[in-house]
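Visitor: Below: one structure in structure tokens.
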Amino acid sequence: MTSTPPVHLRRPNPDNPRVQRTRARILVVARDLLPEVGITGLTYALLAERAGVTRQTMYRHWPNRAALLSDLTLQGPDLGYPTPGTDVRTVATAWLVSLRAGITDPATRTAALAMAAQADHDPDSAQALQRIVEDRHAALNELLQPSGIEITAEQYTLLYGPLLARLFFDRAEATDDFIDTTVAQWLTTLDHTNRQ
């Protein structure tokens, strides 16, 4: 996917059901292909061929690889999504369980690691990572609304950071006990911040 996108492509209307179906089909194909061919093998030419679309269609939806990888990460497989609630511990625990399930999906994991690896030298990847973090932070705050709590970006990082460190750096399993401990420690930092 190192070729440059065609110039002056009109972005598709995201509200059009046909556009939504095309986009969903391409993401399913990309999700299936990514673990098989790896990040460098996932070219727009291959994706277009397998999804039955043109390369121009690919560039209309995703002007760069980082945009595609970002959508692959944000629109992962349906593995269960937490529900809003008044108990912060329950919501935070369900959130981390959901994140763990998403990150263990091979395509999501590969996409997230590729963006992180390229973010230092590729502004598109850096922007895509920021978009993911902001989107997930906002989504968690929506789930926490019934509790009356809204967490900051720093508090969000303190919640998900240990899980990603466990999975990516320690290369170890993030058990339910690990998640429970992470949430318990996170709640103490939340309490400390709220008391100041």
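The values are calculated or read from the model by the stated rules, or taken from the named source; none is laboratory data. Because the structure is a prediction, the values reported are computed rather than measured. Neighbour counts are summed over all protein chains in view; Cβ atoms, including those assigned to glycine, are modelled from backbone coordinates with ideal geometry. Quick note on the areas: whole protein, heavy atoms, side chains included, nothing else; ligands and nucleic acids left out. Shrake-Rupley method; radii C 1.70, N 1.55, O 1.52, S 1.80 Å.
Visitor: Count the net charge of all other residues whose Cβ sits under 11 Å from the Cβ of Arg131, scoring Lys and Arg as +1 and Asp and Glu as -1.
Guide: With Lys, Arg at +1 and Asp, Glu at -1, the neighbours total -3.
Visitor: Ignoring ligands, DNA and RNA, what percent of the accessible area of the range 22-114 is carbon or sulfur (1.4 Å)?
Guide: Accessible surface attributable to carbon and sulfur in the range 22-114 totals 56 percent.
Visitor: Now for a different question. Which whole-angstrom value gives the distance between the alpha carbon centres of the range 96-112 and the range 9-77?
Guide: 18 Å
Visitor: Can I ask one more? Tally Lys and Arg at +1 and Asp and Glu at -1 over the other residues with C-beta under 10 Å from the C-beta of Gln118: what net charge comes out?
Guide: That works out to -2.
Visitor: Still on this structure: Between rounded, prolate and oblate, where does the range 98-181 land on the alpha carbon gyration tensor, with a ≥ b ≥ c its root eigenvalues, rounded for a/c under 1.5, else prolate if a/b exceeds b/c?
Guide: oblate
Visitor: Is any helix in the chain, taking whole DSSP H runs, at least 24 angstrom long along its axis by alpha carbon and on average at least -1.0 on the Kyte-Doolittle scale, and which ones?
Guide: Helices meeting the span and hydropathy rule in the chain are 17-41, 123-144, 176-195.
Visitor: Computed from the coordinates I sent, P(r) over Cα pairs in 10 Å bins from 0, in percent equals one of [x] 9, 38, 40, 11, 1, 0; [y] 7, 25, 34, 26, 8, 1, 0; [z] 8, 32, 32, 19, 8, 1. Tell me the label.
Guide: [z]
Visitor: Net charge around Val91, counting only other residues with Cβ within less than 14 Å of its Cβ (Lys, Arg = +1; Asp, Glu = -1)?
Guide: That works out to -2.
Visitor: With a 1.4 Å probe and every protein chain left in place, work out the accessible area per residue of the range 86-196 in Å², rounded to a whole number.
Guide: Result: 55 Å² per residue.
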